[in-house]
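Trainee: Would you mind keeping the following structure in view while I ask a few things?
Read-outs throughout are calculated quantities, based only on the coordinates presented, and are distinct from any laboratory measurement. Keep in mind the model is a prediction, meaning the values are calculated, not measured. Methodologically, a virtual Cβ is constructed for each residue, glycine included, from the backbone with ideal geometry; neighbour enumeration extends over all protein chains shown.
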Amino acid sequence: MRIAVAAGDGRGGALRVVAEDGAPAGGVEDVADLVSAIAARERDFAPRWVWPSTARLYPRLLEAGVRVSRCHDLELVESLLLGHAGRYGEPRSVRAAWARLRGEPVPEDRPPPREDAAQPSLFDDDAGREESADDLGQIVAVHAEQQRAAAGLGGFALLAAAESAGSLVAAEMAHDGLPWSAAEHDALLTEMLGPRPTGGLRPRRLQDLADRISAAFGPRVHVNPDSPAQIIRAFASAGLPIPSTRAHVLRQLDHPAVPLLLEYKELARLHAAHGWTWLDTWVSGGRFRPEYVVGGVVSGRWATSGGGALQIPRVLRKAVVADPGWALVVADAAQLEPRVLAALAGDRAFSEAAAHGDLYAALSDAFRDDADGGRTARDKAKIALLSAMYGGGTADAVQLLAVLKSRFPQAFEYVEAAAREGERGGLVRSRLGRTCPPPSAGWRELTSAGDDDAAPGPRGGTAAQALRGRGRFTRNFVVQATAADWALALLASLRRRLTALGPPRLVFFQHDEVIVHSPADLAGEVAGAVRDAALEARGLLFGDTPVVFPMEIAVVDRYADAK
């Protein structure tokens, strides 16, 4: 059963049962309390809810203690369909999709509200209809069109379901939060930076390093380490001209200020990105609640619009601490993208190697294990695979790629074909149909001149460079986007299994890693659920394949102890 949902201009709204193909299967039902109505029907029928945006509606349900099992997020699915048609960036709202259906001018999507803006609650009685009310007729029509379009696109229906399930996971993780010890975080910052400063001053450790950096350039030079221009001038005065202050540039210099600058940059980055201000803003009640953006990256990977959840520094993982009596079940997929390539390509020899726990070790017999720069055969297998997926350019990589091409021709050809398609300006897709963006108008203009080594374009690159860049992008896209498909299928399956267990909650997801916060006595069952979810995701995407997707699982009290 599917039920379309339209939020009204107050606490009420409207519901309508629709068939799997989107056709209306019942009359419109106006409800005075939309949250209560959804809760009752979820309890009785567990339908797939069809609504404009999980990110807009579901947090209000969660605040009321209502969780749903399934949904169809119209905005996310519209984005996927537009991408499949090569129309990235077009408005994705229900109003926009409705206008496209009718051949009318398409309205722009409203920008996300500012954090400091006074916003009416979705269910507040005084919320203006223009801002909060949905049109049920438009929702039903757009959903029916999406179902019609998806039916003709192979595995796209599974992609739509997985992306929508991901939207539920994202909202629930933001609501439940990642267990976070503010006291532990503060202690770590104090240990590394000194006591918390006041009045906008630098922490004591940073100020000490700043003073020593200036002193290293001599008594007549004052250098602000936060100013790249001043650092470049100071090194030039010392007879060491540099083009930038990037770490790899600084490491090439022999000067006493270099180690001080490198330490300063690392600590200053921590202070700016995850210092006390971050702690005050994002951690409350023992939980870190970031704002996840499902499909925020074109490959299908997630992003965040606040909190930087996908870039938690390793040193701060000590602050991720399970509640008393609970545990963190930390699981990540080992060597996910190379295994995805093996399953995609159908290369028998490569797939047989990927049926083992350590894929690189299994492939190592294809590479001579000698004293080549200290690299082992396993190292060479890893370099060759990563070069095939990301586009290798070094002499070593070229030689190792030749071995890969000889031993595993189908795997090599799979990514090569994707690169050639990209260089032609074409589109490539993930296993389930997620589609890469088309090349820009500037790219087409530059590459249509016919002279690959002609004068650089407006951004400085030649046509040959533009072609190679596009090829590298599409070569990686088919693998990375399919890995994102697999991860979404894993999330959907794991979420369903955790719901059956009861208290355990998914609290973190990053590309190929998940964390579940679980009562300690259920941690073993949660680990089993993770493994079963990985198996289900493999079957959904790749059917009967020898390729395995092993999950490395640790049950710990602190995230830092997992690796």
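Trainee: For region 183-279, what does the relative contact order come out to in percent, with C-alpha contacts under 8 Å and a separation of six or more?
Mentor: Dividing the mean separation by the residue count of region 183-279 yields 27 percent.
Trainee: Okay, moving on. In whole angstrom, note down how far apart the Cα centers of region 39-99 and region 483-556 are.
Mentor: Here the answer is 23 Å between Cα centres.
Trainee: So, one more: Can you give me the Cα centroid spacing of region 379-438 and region 327-345 in angstrom?
Mentor: If we compute the Cα centre of each part, the gap is 18 Å.
Trainee: Arranged from highest to lowest average of other beta-carbon atoms within 10 Å per residue, in what order do the peptides 319-325, 91-97, 163-169 appear?
Mentor: The peptides rank, most packed first, as 163-169, 91-97, 319-325.
Trainee: In the chain, with Lys and Arg counted as +1 and Asp and Glu as -1 at Cβ, which of these residues, Tyr390, Thr245, Phe45, has the Cα nearest the positive end of the dipole, that is, farthest along it?
Mentor: Value computed over the given set: Thr245.
Trainee: Does region 206-248 classify as rounded, prolate or oblate by the C-alpha gyration tensor (a ≥ b ≥ c root eigenvalues; a/c under 1.5 gives rounded; else a/b over b/c gives prolate, otherwise oblate)?
Mentor: oblate
Trainee: At a 10 angstrom cut-off on C-beta neighbours, averaged per residue, how do the peptides 99-111, 56-68 rank from highest to lowest?
Mentor: So the order, starting with the most tightly packed, is 56-68, 99-111.
Trainee: Which value, in debye to the nearest 20, gives the size of the charge dipole of the chain about its Cα centre, when Lys and Arg are +1 and Asp and Glu are -1 at the Cβ?
Mentor: 1100 debye
Trainee: In the chain, what is the count of Lys pairs whose alpha carbons are under 26 Å apart, counting only pairs at least 8 residues apart or on separate chains?
Mentor: For the chain, the number of qualifying lysine pairs is 7.
Trainee: Now a separate question. To make sure I understand, if each residue's beta carbon is the centre and we count other beta carbons within 10 Å, what order do Ser430, Ser181 fall in, fewest to most?
Mentor: Fewest-to-most Cβ neighbours within 10 Å comes out as Ser181, Ser430.
Trainee: 5 Å is the cut-off here: which amide hydrogens, built 1.01 Å from N in the peptide plane, fall below it relative to Val31, excluding neighbours closer than 5 in sequence?
Mentor: Long-range HN contacts for Val31: Gly13, Ala14, Leu15.
Trainee: Please give the FRET efficiency for Arg496 paired with Ser237, using the beta carbon to beta carbon distance and R0 = 56 Å, rounded to the nearest 0.05.
Mentor: For Arg496 and Ser237, the calculated efficiency is 0.30.
Trainee: Can you list residues whose amide H is under 5 Å from Thr304's amide H, if they're 5+ apart or on another chain and H is modeled 1.01 Å from N?
Mentor: Val293
Trainee: Something else now. Which of the peptides 505-512, 488-495 is most tightly packed, and how do the rest follow, going by the mean number of other Cβ atoms within 10 Å of each residue?
Mentor: Listed from highest to lowest mean packing, they are 488-495, 505-512.
Trainee: For labels at Val249 and Leu535 in the simple 7 Å Cα→Cβ model, what's the distance in nm?
Mentor: The two pseudo-label positions are separated by 5.3 nm.
Trainee: Something else now. P(r) of region 183-279 in 10 Å steps, Cα pairs, percent per bin?
Mentor: Here the calculated profile for region 183-279 is 15, 47, 27, 11, 1.
Trainee: Say R0 is 51 Å: what FRET efficiency, to the nearest 0.05, do Thr198 and Arg348 get from their beta-carbon distance?
Mentor: 0.20
Trainee: Just from its helices, what would the mean residue ellipticity at 222 nm be for the chain, if runs of 4 or more DSSP H residues each count -39500 (n - 2.57) and the sum is divided by every residue, rounded to the nearest 500 deg cm²/dmol?
Mentor: Calculated at 222 nm, the ellipticity per residue is -15500 deg cm²/dmol.
Trainee: Hey, if you put +1 on the Cβ of every Lys and Arg and -1 on every Asp and Glu Cβ in region 183-279, which of Leu267, Val223, Ile213 ends up farthest toward the positive end of that dipole?
Mentor: In region 183-279, that residue is Val223.
Trainee: Could you grab the relative contact order for the chain? Cα pairs under 8 Å, six or more apart, rounded to a whole percent.
Mentor: Relative contact order comes out at 16 percent.
Trainee: Taking the Cα centre of the chain as the origin and placing charges on Cβ (Lys, Arg +1; Asp, Glu -1), which of Leu522, Phe549, Leu159 is farthest toward the positive end of the dipole?
Mentor: Phe549
Trainee: Only four residue types carry charge here, +1 at the Cβ of Lys and Arg and -1 at the Cβ of Asp and Glu. Report the dipole size of region 183-279 about the Cα centre in Debye, rounded to the nearest 20.
Mentor: Approximately 300 debye in magnitude.
Trainee: Near Thr245, within a Cβ-to-Cβ distance under 12 Å, what is the net charge of the other residues, with Lys and Arg +1 and Asp and Glu -1?
Mentor: Cβ neighbours under 12 Å give a net charge of +3.
Trainee: How much net charge surrounds Gly83 when only other residues with a Cβ under 12 Å from its Cβ are counted (Lys, Arg +1; Asp, Glu -1)?
Mentor: +1
Trainee: If amide hydrogens are placed 1.01 Å from N in the peptide plane, which non-local residues have theirs closer than 5 Å to the one on Trp326?
Mentor: Placed amide hydrogens put Ala520 under 5 Å from Trp326.
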